[in-house]
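The next block holds one structure in the form of structure tokens; read it before the comments.
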Amino acid sequence: MAWVLLVIAGLFEVGWAIGLKYTEGFTKLWPTVGTLAAMAISLGLLGLAMKSLPVGTSYAVWVGVGAVGTAILGIVLLGESANAGRLLSLALIVAGIVGLKLSSPT
């Protein structure tokens with residue numbers, strides 16, 4: 001269950017990272033409210049996951065899920081570059097996340 005919470009926390013991290021773009025420097029009310037809510041949920045779920053997972057693994061997976069998800073949404077929603085080097089780098093992050101899961105004692 002901790003791994004499920006951790007992945008969901010990472011998805012909420014994606015939400016707040018992308019949400020930051022839409023707040024326009026925290027000048028737009030509803031994107032700001034949504035972004036702050038996603039931040040709170042993400043950190044709360046990360047904290048719950050860390051009750052039974054190692055801190056290093058938890059944090060690395062949380063950041064990895066957030067980074068990969070944010071980069072993919074940046075490509076899809078914001079027209080950011082999807083060149084081979086970027087996609088290979090994202091694949092390596094995913095490989096690292098999978099490796100952490102497979103080598104985790106929990």
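The values are calculated or read from the model by the stated rules, or taken from the named source; none is laboratory data. What you are looking at is a predicted structure, and each value in this text was computed from that prediction instead of being measured. Virtual Cβ from ideal backbone geometry, glycine too; neighbours counted across all protein chains shown. To get the accessible areas, we keep the full protein, side chains included, count just its heavy atoms, and leave off ligands, DNA and RNA. Shrake-Rupley method; radii C 1.70, N 1.55, O 1.52, S 1.80 Å.
Summed over the stretch 17-44, the residues that are over 9 Å from the mean Cα position of the chain (by Cα), within 17 Å of Gly69 (Cα to Cα) and not polar (S, T, N, Q) give a count of 9.
Filter the stretch 61-92 down to residues that are crowded, with 16+ Cβ neighbours inside 10 Å and over 14 Å from Ile18 (Cα atoms), then give me how many there are. Selection size over the stretch 61-92: 4. The set of residues from the stretch 16-47 being open to solvent by less than 30 Å² (accessible area, probe 1.4 Å) and β-branched (Val, Ile, Thr) comprises Ile18, Thr23, Thr32, Thr35.
Pairs are defined by a Cβ separation below 6 Å, a sequence spacing of at least 6 or placement on different chains, a first member in the stretch 63-86 that is of a type in the set (A, V, I, L, M, F, W, C), and a second member that is not in a helix (DSSP H, G or I); the pairs so defined are Ile75/Ala82. Hey, any hits in the stretch 35-49 for a residue that's out of contact with any helix residue (DSSP H, G or I) (no Cβ under 6 Å at 6 or more places or on another chain) and at pLDDT below 95? No, the stretch 35-49 has no match at all.
Is there a residue in the stretch 8-15 that is aliphatic (A, V, I, L, M), open to solvent by 40 Å² or more (accessible area, probe 1.4 Å), without any contact (Cβ under 8 Å) to a residue 40 or more places away in the chain and out of contact with any Leu (no Cβ under 8 Å at 6 or more places or on another chain)? Checked against the condition, which is being aliphatic (A, V, I, L, M), open to solvent by 40 Å² or more (accessible area, probe 1.4 Å), without any contact (Cβ under 8 Å) to a residue 40 or more places away in the chain and out of contact with any Leu (no Cβ under 8 Å at 6 or more places or on another chain), the stretch 8-15 yields no hits at all. From (1) surrounded by fewer than 18 Cβ atoms within 10 Å (Cβ to Cβ); (2) at pLDDT 95 or above, pick out the condition that doesn't hold for Gly56. That leaves (2) as the condition not met.
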